[in-house]
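This report refers to the structure that appears directly beneath it.
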Amino acid sequence: MIHCEGLVKIYKADELEVVALQGLNLDVEDREMMAIIGNSGSGKSTLLNILGGLDQPTAGQVLVGGTSLLKLTEPQYVEYKRNTVGFIWQNNARNLLPYLTAIENVEMPMLLSGKLDRAYARELLRMVGLEHRMKNKLYQLSGGEQQRVAIAIALSNRPALLLADEPTGSVDTATADKILDIFRLFNREFGVTVVIVTHDMALAKKMDRVVAIRDGLTSTELIKRSTQIDKLARGEVSASELLQSEQHETYAVVDRSGRMQIPSAFMESSGISNRALLELKDGCIIIQAPREHRIVMQQVKNEPPKTDVQAPPQQDTEQPMDATHRPLPVIEQDTVHEQEQNHVAMPPSEPLIAQDRPVPDEKQQPIPITQHVDTPTPLSIVQLREATVHHLLE
């Protein structure tokens, strides 16, 4: 139904250029119901406007139902928007004419195309659950009811493609579920291909296929798969149990040139930045960071965590006192150890005799001889040097 290849859209304002789509590739099958998600500015609304004929791409190829939108003339664009595609805006004011009733709003596209079918208009309102609100105007309808009338208007000309831009953005959860059921009903009963752009992940997870757009490119796809499909073939589970076991599997999108986007969480976890190492092993492609990056990451991972070193607790000890009850100086342990290394025990010297002493000068006072003590006294190097000089002078 939809084929986009290398789709590029550039918006220009004065000298500023904004690239909304950067070579996007997308394929949507006929009668498929899918959702497009992405952050603000990713390009999803731009893609929807191009598919709806509201904007034209700068480059690339886009086909809808086999028709190239790049080759359409202005009258052909009008015919395309009337008969091929139905569009639902997030803003209800763009979907409805406030001075018309609900049934008149649904009949208006039929009148413009010359195909008025009142019975079909009433059937559309009945299918969206508003058969009792046909004669009410815009101010008499709630937000959810207005959005359901907008769905009926978009389907009034029996389009093959239905585009919805945030159809549940302004309604509560219960109304959002009703709108999704309506989309499923028209997809199943009329074979309409439904493409929804949404920020609501709860709504997107209820779709069979979800395409994520990032930086103007399709990055990943989520496809609903059943984990018990083999058991259903063997008759071990029922169809209802099979539906309850359905889960989305995430796939990376690869274009024809072999390019794909790696999720940012994967890149941060693996340490991949601007280059990656590819390896083919046993039929599998291994993508990893360069070897030097892996070594650095491993060293950072194995590095023990840094802890604050705390000083040892101080012991509450009483300061020693001398005989006069005055505090003695505290000597650090390292200083005592250093002094012990510098001290040298002097051996007992021989007693000095008279003939060994020099004859004192008359004017010189005799030097008293220090009494010898047999017990060696530890002396420091400075004291040892002074004692030697003193001995030589004697």
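Of the residues that sit in region 200-211 and are surrounded by fewer than 21 Cβ atoms within 10 Å (Cβ to Cβ), in a loop (DSSP other than H, G, I, E, B) and not acidic (Asp, Glu), which one is modelled with the highest pLDDT?
Taking the candidates together, the pick is Lys206.
Starting from residues that are without any contact (Cβ under 8 Å) to a residue 40 or more places away in the chain and part of a helix (DSSP H, G or I), keep the ones in region 132-141 and report whichever is most open to solvent (accessible area, probe 1.4 Å).
His132
Just to verify a result, which residue in region 172-199, among those that are in a helix (DSSP H, G or I) and β-branched (Val, Ile, Thr), is nearest to Ser156 (Cα to Cα)?
Ile182
Can you name every residue in region 11-47 that is at pLDDT 90 or above, within 26 Å of the chain's Cα centre (by Cα) and β-branched (Val, Ile, Thr)?
Listed by number, the residues that qualify are Ile36, Thr46.
Of Leu161, Leu125, which residue is open to solvent by less than 50 Å² (accessible area, probe 1.4 Å), touching a helix residue (DSSP H, G or I) at 6+ places or on another chain (Cβ under 8 Å) and more than 22 Å from Gly52 (Cβ to Cβ)?
Leu125
Yes/no per residue for (1) more than 18 Å from Ala35 (Cβ to Cβ); (2) at pLDDT below 60; (3) open to solvent by 60 Å² or more (accessible area, probe 1.4 Å); (4) basic (Lys, Arg):
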site: Phe183; (1), (2), (3), (4): no, no, no, no
site: Glu189; (1), (2), (3), (4): yes, no, yes, no
site: Thr198; (1), (2), (3), (4): no, no, no, no
site: Ile213; (1), (2), (3), (4): no, no, no, no
site: Ile223; (1), (2), (3), (4): no, no, no, no
site: Arg234; (1), (2), (3), (4): yes, yes, yes, yes
site: Ser240; (1), (2), (3), (4): yes, yes, yes, no
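Does Ile50 meet the test of being modelled with pLDDT of 90 or more, open to solvent by less than 30 Å² (accessible area, probe 1.4 Å), β-branched (Val, Ile, Thr) and assigned to a strand (DSSP E or B)?
no
Step by step: first the residues of region 147-166, then only those that are over 35 Å from the mean Cα position of the chain (by Cα) and of a type outside the set (A, V, I, L, M, F, W, C), then the one that is nearest to Asn91 (Cα to Cα). Which residue is that?
The qualifying residue nearest to Asn91 (Cα to Cα) is Ser156.
From the list Gly144, Gly169, Gly129, which residue is of a type in the set (Gly, Ala, Ser), in a helix (DSSP H, G or I) and within 41 Å of the chain's Cα centre (by Cα)?
None of the other options fit; the residue is Gly144.
Filter region 164-181 down to residues that are surrounded by 15 or more Cβ atoms within 10 Å (Cβ to Cβ) and touching a Gly at 6+ places or on another chain (Cβ under 8 Å), then give me how many there are.
Residues that pass the stated criteria total 5.
Of these, Leu47, Leu63, Leu26, which one is in contact with a His (Cβ under 6 Å, 6 or more places away or on another chain), within 21 Å of Val194 (Cα to Cα) and of a type outside the set (Phe, Trp, Tyr)?
Leu63
Would region 104-124 turn up any residue that is in contact (Cβ under 8 Å) with a residue 60 or more places away in the chain and of a type in the set (Val, Ile, Thr)?
No - not one qualifying residue is present in region 104-124.
Scan (1) open to solvent by 10 Å² or more (accessible area, probe 1.4 Å); (2) at pLDDT 90 or above; (3) out of contact with any Pro (no Cβ under 7 Å at 6 or more places or on another chain) for the single condition Ile153 breaks and write down its number.
With respect to (1) open to solvent by 10 Å² or more (accessible area, probe 1.4 Å); (2) at pLDDT 90 or above; (3) out of contact with any Pro (no Cβ under 7 Å at 6 or more places or on another chain), Ile153 is out only on (3).
Out of the residues in region 79-95 that are part of a helix (DSSP H, G or I) and open to solvent by less than 60 Å² (accessible area, probe 1.4 Å), which is modelled with the lowest pLDDT?
Asn92
The values are calculated or read from the model by the stated rules, or taken from the named source; none is laboratory data. Keep in mind the model is a prediction, meaning the values are calculated, not measured. All Cβ positions, even for glycine, are placed from backbone atoms using ideal geometry, and neighbour counts span all protein chains on display. Note: accessible area is taken over every heavy atom of the protein model, side chains too, but ligands, DNA and RNA are not part of it. Shrake-Rupley method; radii C 1.70, N 1.55, O 1.52, S 1.80 Å.
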